[in-house]
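S.K.: Have a look at the structure that comes next, please.
Every number here is computed from the coordinates shown, using simple stated rules; none is lab data. Given the structure is predicted, the values throughout are model-derived calculations rather than measurements. Cβ placement follows ideal geometry from the backbone for every residue including glycine, while neighbour counts extend to all protein chains displayed.
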Amino acid sequence: MMRIGRRNIEWSKKRVWMSALITAVIMFAFIGSAQALQKRDLRRSHNGGMVDMDVVFMNPLQQNPGTSSDLIFEIRMNTHSVNLDSFKLEELALLSNDVGDQARPVKLDNPAGGGHHRSGILRFPAQTLDGKNLIRGGVNSIELVIRDVAGVPERIFRWELPLQ
């Protein structure tokens, strides 16, 4: 039988509280005037290899942006000539900032469509494996890179911070 000591419970409570606080600070740092931002302001597009790809950075559009511990991107792919079913976005994507920190996706939520039209919500952790926040003071931009879709080596979607 495993004993959970009072010290472990206190440490867990502190970690949860600190995680919520860090997330709130992150969201405040890049949202700025979030009330004025709309989906079109946060959309980035890339066309190549006969595939159109649109990505929207969703966190600033959430009602309570500090409640998510993930950085969330809505992705839509459309084509009239390439079968998109074989592309696993959760394996092809990388999120990085301009100071060199990187994160891999946690998962792809709500995958939809097939064949010529696919979409989903790509989630990344807000922190790197070594505990650094991807978005923090001193970070001027973030980039979502999606590699090897329809013969295009890299599709780069970039957001300057703070978002305006």
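S.K.: Please list 3J(HN,Hα) in residue order for the range 143-159, calculated via the Karplus relation 6.51 cos²θ - 1.76 cosθ + 1.60 where θ = phi - 60°; whole Hz, with x for glycine and proline.
M.R.: With coefficients 6.51, -1.76 and 1.60, one gets 9, 9, 10, 10, 9, 6, 10, 6, x, 9, x, 8, 10, 10, 10, 10, 10 Hz.
S.K.: Hey, with R₀ at 41 Å, roughly what FRET efficiency would Asp85 and Lys132 work out to, going by the Cβ-Cβ distance, to 0.05?
M.R.: So, using R0 = 41 Å, E works out to roughly 0.70.
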